[in-house]
Amino acid sequence: MKRAIMAMPLFALLVTACSESGSEDSALDCGAFEFIIPYAPGGGSDQQFRRLQESLEESLGASINPVYMEGADGALGWKNLADAEPDGCTVGNVVSPNIMELTILGEEVGFHGMEDFEYIAWTETTPNAVAVAQDSPYETIDDYIQEAEANPGDLTIAGVGDTIAIGEILAGTGVDLSYVPVSGGVGSIVPQLQGGHVDAAIFGARHVMQHQDQMRALAITGSESSPVLEDVPTFEEAGYDGINLTSSWGIAGPAGMPDEAIAEWNEAILTAMDDEAVHDALLEEALTPLEQDVDEALAFSEELFEAAEDAAPHADEIEQLDEE
């Protein structure tokens, strides 16, 4: 499904700087910073920013103003990030495989997920989980798969920009599922599960922890179990190989940012990630903290893009229903 995304200029924000950013030899000449968040307030991207904001502002010496630009599975915000002045004063968060998927599937979003961004650091990662409502008849992933085998195409699975991940599941399990895209983030999926409008959903395992009174996970992606979902098997442990895509959150700027500005942002992020309270908060939400220098961030980005490319051919196997 292709969508044409029109470039929208960033709205000017009237802000008051805490002070001039950085030290005298700083590469960042910004009275204040803008941080583009491509999803709704309260979601995983917003939470990532809020966890780091105070420390980042202290390190950079200026206020950081969140700019919410939700729409088109994150493409609206990322289009504006790609078009921003590459002076280091505007950055934003990125989510994989979402940003990779938009490029790989050939959608007309006006940016390339690797070429149009400078990846500064990835801060957290989590397996994806296939989850059902608490009152679902499917107690295990085998229950769900067996029902799908008996009734090809009848069972539904919802997601937000997870076409590649769902295609990987179809290839790994050999079943036919109907995909229901849901706008507005995971918060919009939860009532769909509760109301019985969809049979299952896929999203980062962290969301199961946040909504564990309303849903439960049947299986998670990747090769390792989750420390906070110890009783939930990986797909591989359940007998389904090749289902490996995980969800990761990072921070990037537009292509062309000076190396000195990237390094200064990276140093500020590493300082924030070194906070024990940040580590504890991540672990409590089934997120694995990542601490990367600039070279490691780029290498990790390339690995994520390659994994998404490997999974992409299976997206053609998906029967997509109308968006909820």
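The values are calculated or read from the model by the stated rules, or taken from the named source; none is laboratory data. None of the values given here were measured: they were computed from a predicted structure. Note: accessible area is taken over every heavy atom of the protein model, side chains too, but ligands, DNA and RNA are not part of it. Shrake-Rupley method; radii C 1.70, N 1.55, O 1.52, S 1.80 Å.
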Prolate/oblate/rounded label for the chain (Cα gyration tensor, a/c 1.5): prolate
Contour excess over end-to-end distance, with Cα ends at Q146 and H197 and 0.36 nm allotted per residue: 16.4 nm
T140 accessible area, assembled protein chains, probe 1.4 Å, Å²: 60 Å²
Value at 222 nm in deg cm²/dmol, rounded to 500, when DSSP H runs of n ≥ 4 in the chain each add -39,500 (n - 2.57): -10500 deg cm²/dmol
Residue with peak Gaussian network fluctuation, the chain [Cα springs, cutoff 10 Å], from E236, E303, E118: E303
The stretch 94-198, relative contact order in percent, only Cα pairs under 8 angstrom and at least six apart counted: 26 percent
The stretch 176-247, Rg to Rh (Cα coordinates; Rh as Kirkwood inverse mean 1/r): 0.95
Relative contact order, percent, the chain [alpha-carbon distance under 8 Å, six or more residues apart]: 26 percent
Accessible-area composition of the chain, carbon plus sulfur, in percent [1.4 Å probe]: 46 percent
